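*Asks:* My questions all concern the structure below.
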Amino acid sequence: LGDHYAEDQLYFSINYSVFDNQTSQIENSGFSYALSAGFMKDVILNKQGSISFALGVGYGFDYFNQNLKVEQINNVTSFDVFQEGESGFFRSQNIEIPFELRWRTSNAKLYKYWRIYAGIKFLYNTSNEFITETSDVQESFKNVSAYNDFQYGLTLSVGYDLFNLNVFYGLTDVFEEASFNNQNLDTRILKFGLIFYIL
């Protein structure tokens, strides 16, 4: 093997998620999470193998439990907050394209090592659904027109061996040209949790 090797990897992440940059009236009302999994192709940039970049493809699922009420009637999306007796959640599915610049202490024969991976992740939304519930009624609004189908954000993974801390911060708004009570909804997504890289 010599000094030439690559760390092509499967990845799996589980994160706690929040809607960030919200107006004061919109807040998380329960536990929200995100799951993702995919494959990364590793390309070595130096002889030692300590620096590389990686490009991948994967699948992501988001579940948000918050008090933002989203409805769509005649292709017009409206925003409000849940009133007393109402609750709801939001879920989406995305194709992920992660790109990472990587530093690690590995070599061709060492499989347990420290790593710092920083990069950017592109998301293409394949489906989104906003649910509103009362004691006896459930309304569902799928693939709303105001949802931003193409999003991207910064990523950082730091850890040792299998267990790594992971952060994602969205650089694009979740909604396009959205407003609530005459305030722009510049909602962005923040996720933090664990990511596992499997050789």
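Every residue, every condition in (1) open to solvent by 40 Å² or more (accessible area, probe 1.4 Å); (2) aliphatic (A, V, I, L, M); (3) free of Cβ contacts under 8 Å to residues at least 12 places away in the same chain, yes or no:
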{"site": "N21", "(1), (2), (3)": "yes, no, no"}
{"site": "V43", "(1), (2), (3)": "yes, yes, no"}
{"site": "Y63", "(1), (2), (3)": "yes, no, no"}
{"site": "F79", "(1), (2), (3)": "no, no, no"}
{"site": "I97", "(1), (2), (3)": "yes, yes, no"}
{"site": "Y111", "(1), (2), (3)": "yes, no, no"}
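*Asks:* Taking into account only those residues within region 113-147 that are touching a residue at least 60 places away in the same chain (Cβ under 8 Å) and not in a strand (DSSP E or B), which is farthest from L194 (Cα to Cα)?
*Replies:* S145
*Asks:* In region 148-174, which residue that is over 15 Å from the mean Cα position of the chain (by Cα) and part of a strand (DSSP E or B) is surrounded by the most Cβ atoms within 10 Å (Cβ to Cβ)? Outline the logic, then answer.
*Replies:* Filtering region 148-174 for residues over 15 Å from the mean Cα position of the chain (by Cα) gives 158-164.
Still in the running and part of a strand (DSSP E or B): 158-160, 163-164.
Working: V158: 14, G159: 18, Y160: 12, F163: 10, N164: 21.
Applying the filter and picking the extreme gives N164.
*Asks:* Further question on the same structure: Given (1) under 18 Å from F12 (Cβ atoms); (2) not in a strand (DSSP E or B), where does I97 come up short, assuming only one miss?
*Replies:* The single condition I97 does not satisfy is (2).
The values are calculated or read from the model by the stated rules, or taken from the named source; none is laboratory data. Keep in mind that this is a model prediction, so the values were computed, not measured. Positions of Cβ are generated from backbone atoms using ideal geometry, with glycine treated the same way; all protein chains shown enter the neighbour counts. Heads up: the accessible areas ignore ligands, DNA and RNA and are worked out on the full protein's heavy atoms, side chains in. Shrake-Rupley method; radii C 1.70, N 1.55, O 1.52, S 1.80 Å.
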